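Q: Take a look at the following structure, please.
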Amino acid sequence: MEYKRRKNKLHKFSILLPLFTVIGIGVTTIIFTNYEKSWSFNWSGIRKNIKDSIAIAEIQGITSGVVGYSGTSTRDEIKRRKWIMTNATEQELLKLIEYPSGTVKAIAYEGLIKKENYNEKAELISKSISDNEFSVYYQSGCLGSKLSVSEYLMRFVINIDNSYPTSLETNNSYGLTELEKNKILFKYHNSKN
């Protein structure tokens, strides 16, 4: 009698083991194929209102403000991006540079570059030149571009080599000396080769 009970328990276990194995492999596969690095980002030190704005900005990308044929307004995206850059502290922006999204990185870099009291702009821009893991999706009118973070900064924020058409915002040197500009340009042009 004891032998039958053991055999019956082993039989039930032998049926369930393959089923649990298949379910475990399926769940593991789903998690690893859909995993995004942003899931494990440490948000400590970043206020909730900044975090909420970042979540929306990451989805929308960055626009120039020029409206395309569709007539879709980009005012909300521009206002949100400027709000983040103005209201986030230096520490929050420095932390957001590590966020795994080119759009968020670009907003953080740009926010720090535009902060009058931030004194390490040359080092920050040099760091952005090597920050190539994630791209920025930039839209101007009906045209969209996939850019590196440094290319976005060089073309649409600081434009220190004047190789791109200037806008009102890019006529500011942000306190960079001529020596710093030359070092940045040298590193930027060498990184493109």
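Q: Collect the residues in the stretch 94-116 that are without any contact (Cβ under 8 Å) to a residue 24 or more places away in the chain and buried (at least 24 other Cβ atoms within 10 Å of the Cβ), keeping them in residue-number order.
A: A108
Q: In this structure, does T74 turn out to be of a type in the set (S, T, N, Q) and touching a residue at least 60 places away in the same chain (Cβ under 8 Å)? Before the answer, list the steps.
A: Working: of a type in the set (S, T, N, Q): yes; touching a residue at least 60 places away in the same chain (Cβ under 8 Å): yes.
So T74 fits the description; yes.
Q: Another question about this same structure. Do you know which residues across the stretch 123-157 are closer than 23 Å to Q91 by Cβ and in contact with a Lys or Arg (Cβ under 7 Å, 6 or more places away or on another chain)? Reasoning before the result, please.
A: Initially, the stretch 123-157 is screened for residues closer than 23 Å to Q91 by Cβ, giving 123-131, 133-134, 136, 149-150, 152-153, 157.
Answer for the stretch 123-157, where residues must be closer than 23 Å to Q91 by Cβ and in contact with a Lys or Arg (Cβ under 7 Å, 6 or more places away or on another chain): S126, I129, D131, F134, V149.
Q: If you check every pair at least six apart or on different chains, which have Cβ atoms under 8 Å apart with a residue in the stretch 141-157 that is in contact (Cβ under 8 Å) with a residue 60 or more places away in the chain and within 17 Å of S191 (Cβ to Cβ) first and a residue that is among the hydrophobic types (A, V, I, L, M, F, W, C) and open to solvent by less than 10 Å² (accessible area, probe 1.4 Å) second?
A: Listed pairs, sorted by first residue: Y152/I62; Y152/A106; Y152/V136.
Q: Can you name the residue in the stretch 119-145 that is assigned to a helix (DSSP H, G or I) and under 16 Å from the mean Cα position of the chain (by Cα) and is also surrounded by the fewest Cβ atoms within 10 Å (Cβ to Cβ) among such residues? Break it down stepwise before answering.
A: Keep residues of the stretch 119-145 that are assigned to a helix (DSSP H, G or I), which gives 121-129.
Next, from what is left, pick out any that are under 16 Å from the mean Cα position of the chain (by Cα): 124-125, 127-129.
Values: L124: 18, I125: 26, K127: 14, S128: 27, I129: 20.
Among those residues, the one meeting the criterion is K127.
Q: Something else about it: So which residues in the stretch 41-75 are farther than 20 Å from Y99 by Cβ, exposed (fewer than 14 other Cβ atoms within 10 Å of the Cβ) and either aliphatic (A, V, I, L, M) or at pLDDT 80 or above (or both), if there are any at all?
A: Across the stretch 41-75, the qualifying residue is only V66.
Q: Considering only residues that are open to solvent by 70 Å² or more (accessible area, probe 1.4 Å) and modelled with pLDDT under 75, which ones fall in the stretch 164-191?
A: Within the stretch 164-191, P165, T166, L168, E169, N171, N172 meet the criteria.
Q: Also: Could you please give the count of residues in the stretch 88-103 that are part of a helix (DSSP H, G or I) and under 15 Å from Y118 (Cβ atoms)? Talk me through it step by step, then tell me what you get.
A: Looking only at the stretch 88-103, we keep the residues that are part of a helix (DSSP H, G or I), and these are 90-96, 102-103.
Next cut, under 15 Å from Y118 (Cβ atoms) only: 90-96.
The total comes to 7.
The values are calculated or read from the model by the stated rules, or taken from the named source; none is laboratory data. It should be emphasised that the depicted structure is a prediction, and the values quoted were computed from it without experimental measurement. Here the Cβ is made from the backbone with ideal geometry for all residues, glycine too, and neighbour counts use every protein chain on show. With ligands, DNA and RNA removed, areas are computed over all heavy atoms of the protein, side chains included. Shrake-Rupley method; radii C 1.70, N 1.55, O 1.52, S 1.80 Å.
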